[in-house]
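Below is one structure, written out as structure tokens; the observations come after it.
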Amino acid sequence: MAERKIVVTNETGLHARPAASLVQFVKNYPGDVKLVKDGKEANAKSIFNVMSLGISKGTEIGIVVEGEDEEAFADKLTDFIDNLAE
């Protein structure tokens, strides 16, 4: 299991278009990918789950990746979230 912490810097947080982009990015990963906010976990492969966390700009979230090449994918996902644009 690979875990990371990141502060969301995208202006709109992880809502609508950024959430859809995130889901597209992780959907083909063969393992499990979860986002954690305030103790609540969400499957990052589900747009409804991601949006249900209500992640806004400036929110610290956790990323949990389990599966093949989990450390490398966790790093790629962290970079992806850092570089999200609206």
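The values are calculated or read from the model by the stated rules, or taken from the named source; none is laboratory data. Treat the numbers as computed from the prediction; the structure is a model and nothing was measured. Note that each Cβ is placed from the backbone with ideal geometry, even for glycine, and that neighbours are counted across all protein chains shown. Calculation scope for accessible area: heavy atoms of the full protein, side chains included, ligands and nucleic acids excluded. Shrake-Rupley method; radii C 1.70, N 1.55, O 1.52, S 1.80 Å.
Only one of the numbered conditions (1) more than 22 Å from GLU70 (Cβ to Cβ); (2) loosely packed, with under 14 Cβ neighbours inside 10 Å; (3) of a type in the set (S, T, N, Q) is not met by ASN10, and that is (2).
When the test is whether a residue is hydrophobic (A, V, I, L, M, F, W, C) and either part of a helix (DSSP H, G or I) or touching a Phe, Trp or Tyr at 6+ places or on another chain (Cβ under 7 Å) (or both), VAL36 does not pass it. Filtering segment 50-75 to residues that are under 17 Å from THR12 (Cα atoms), open to solvent by 40 Å² or more (accessible area, probe 1.4 Å) and assigned to a helix (DSSP H, G or I) leaves MET51, SER52.
To keep it simple, each residue is scored yes or no on (1) of a type in the set (S, T, N, Q); (2) at pLDDT below 95; (3) touching an Asp or Glu at 6+ places or on another chain (Cβ under 8 Å).
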position: LYS5; (1), (2), (3): no, no, yes
position: ARG17; (1), (2), (3): no, yes, yes
position: VAL26; (1), (2), (3): no, no, no
position: GLY31; (1), (2), (3): no, no, yes
position: GLU41; (1), (2), (3): no, no, no
position: SER46; (1), (2), (3): yes, no, no
position: GLY62; (1), (2), (3): no, no, yes
position: GLU68; (1), (2), (3): no, yes, no
position: PHE73; (1), (2), (3): no, no, no
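Report whether or not VAL23 is free of Cβ contacts under 8 Å to residues at least 40 places away in the same chain and surrounded by 15 or more Cβ atoms within 10 Å (Cβ to Cβ).
Numbers: free of Cβ contacts under 8 Å to residues at least 40 places away in the same chain: yes; surrounded by 15 or more Cβ atoms within 10 Å (Cβ to Cβ): yes.
It is true that VAL23 is free of Cβ contacts under 8 Å to residues at least 40 places away in the same chain and surrounded by 15 or more Cβ atoms within 10 Å (Cβ to Cβ).
For segment 4-11, the criterion of being farther than 14 Å from LEU77 by Cα, out of contact with any strand residue (DSSP E or B) (no Cβ under 6 Å at 6 or more places or on another chain) and without any contact (Cβ under 8 Å) to a residue 60 or more places away in the chain is met by none of the residues.
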